[in-house]
Amino acid sequence: MTEKSPAASRSEGCLFCGIVAGDIPATVVRESESTLAFRDINPKAPQHILVIPKAHYADVAALAGTDPVLAGELLAAVAEVAAGAGLADGGYRVIFNTGPNAGQEVAHVHAHVLGGAPLGPMVCR
Ligand code: 5GP
Ligand code: ZN
């Protein structure tokens, strides 16, 4: 039997933990034992899907530092979601906003998968 570490438990008040728990509705496009993918509520591209671990980690550094196996599962899910959305041939962008300078709004690690049209250059201003 495997037990979740305290770091991997639900974080009270976390929006994405609420989606994982089914308390907050979302348009789910893929689910595995350890990951969930759902459409961004405010899409920035024709296809904009968020891919998260079900366990709560604040950002990609916390996830990779604590559970690199789960980090790998998250990346594999990203690739499967992109392929499932028809983005593999045309290409897509994967973004992990991390911390205030990146404008991270939800402190539950999430990959933005963006595609469906030419995305233009990455802009930093
Ligand atoms: P961040 O700025 O933290 O990298 O990205 C957070 C993302 O979550 C934003 O793109 C935002 O549109 C999305 N988002 C915020 N609230 C909700 C929600 O209730 N449901 C869904 N599906 N996406 C949300
Ligand atoms: Zn959370």
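Since every read-out is calculated from the coordinates, none of them should be taken as a lab result. As the structure is a computational prediction, the values presented were derived from the model and not from experiment. FYI the Cβ positions are ideal-geometry reconstructions off the backbone, even for glycines, and counts take in every protein chain you see.
Report the charge-dipole magnitude of segment 29-115 in Debye, nearest 20, computed about the Cα centre from +1 at each Lys and Arg Cβ and -1 at each Asp and Glu Cβ.
220
Residue-wise, which Karplus ³J(HN,Hα) couplings in Hz belong to segment 80-85, taking 6.51 cos²θ - 1.76 cosθ + 1.60, θ = phi - 60°, and x for glycine or proline?
Running phi through 6.51 cos²θ - 1.76 cosθ + 1.60 with θ = phi - 60° gives 5, 5, 4, 5, x, 8 Hz.
Can you sort 44, 54 so the residue with the fewest Cβ neighbours within 10 Å comes first?
44, 54
Is the shape of segment 50-125 best called rounded, prolate or oblate, per the rule: a/c under 1.5 gives rounded, else a/b larger than b/c gives prolate, else oblate, with a ≥ b ≥ c the square roots of the Cα gyration tensor eigenvalues?
oblate
Output ³J(HN,Hα) for segment 109-116: one whole-Hz value per residue in order, computed from phi by the Karplus curve 6.51 cos²θ - 1.76 cosθ + 1.60 with θ = phi - 60°, and x for Gly and Pro.
3, 8, 8, 7, 10, 10, x, x
Could you put 49, 19, 24 in order, starting from the residue whose Cβ has the fewest other Cβ atoms within 10 Å?
Fewest to most other Cβ atoms nearby, the residues stand as 24, 19, 49.
Which order do 123, 106 fall in if you start with the one that has the fewest other Cβ atoms within 10 Å?
123, 106
Residue separation times 0.36 nm, minus the C-alpha to C-alpha distance between residue 44 and residue 76: what's the value?
9.3 nm
Sort by residue number and report every cysteine in the chain with no other cysteine beta carbon within a distance under 4.7 Å.
For the chain, the answer is 124, because their Cβ atoms have no other cysteine Cβ under 4.7 Å.
Once the dipole of the chain is set up with Lys and Arg at +1 and Asp and Glu at -1 on Cβ about the Cα centre, which of 119, 48, 9 lies farthest towards its positive end?
The Cα lying farthest towards the positive end belongs to 119.
In whole Hz and in residue order, list the ³J(HN,Hα) couplings for segment 63-73 that follow from phi through the Karplus curve 6.51 cos²θ - 1.76 cosθ + 1.60, θ = phi - 60°; x for Gly and Pro.
In residue order, the calculated couplings are 5, 5, x, 9, 9, x, 5, 5, 4, x, 5 Hz.
Report, by chain and number, residues whose modeled amide H sits under 5 Å from the one on residue 29, excluding near sequence neighbours (fewer than 5 apart, same chain).
Distant-sequence amide H within range of residue 29: 37, 38, 39.
Which value at 222 nm does the chain reach when only helices count, each DSSP H run of 4 or more adding -39,500 (n - 2.57), with the total divided by all residues and rounded to the nearest 500 deg cm²/dmol?
So the helix-based figure for the chain works out to -7500 deg cm²/dmol.
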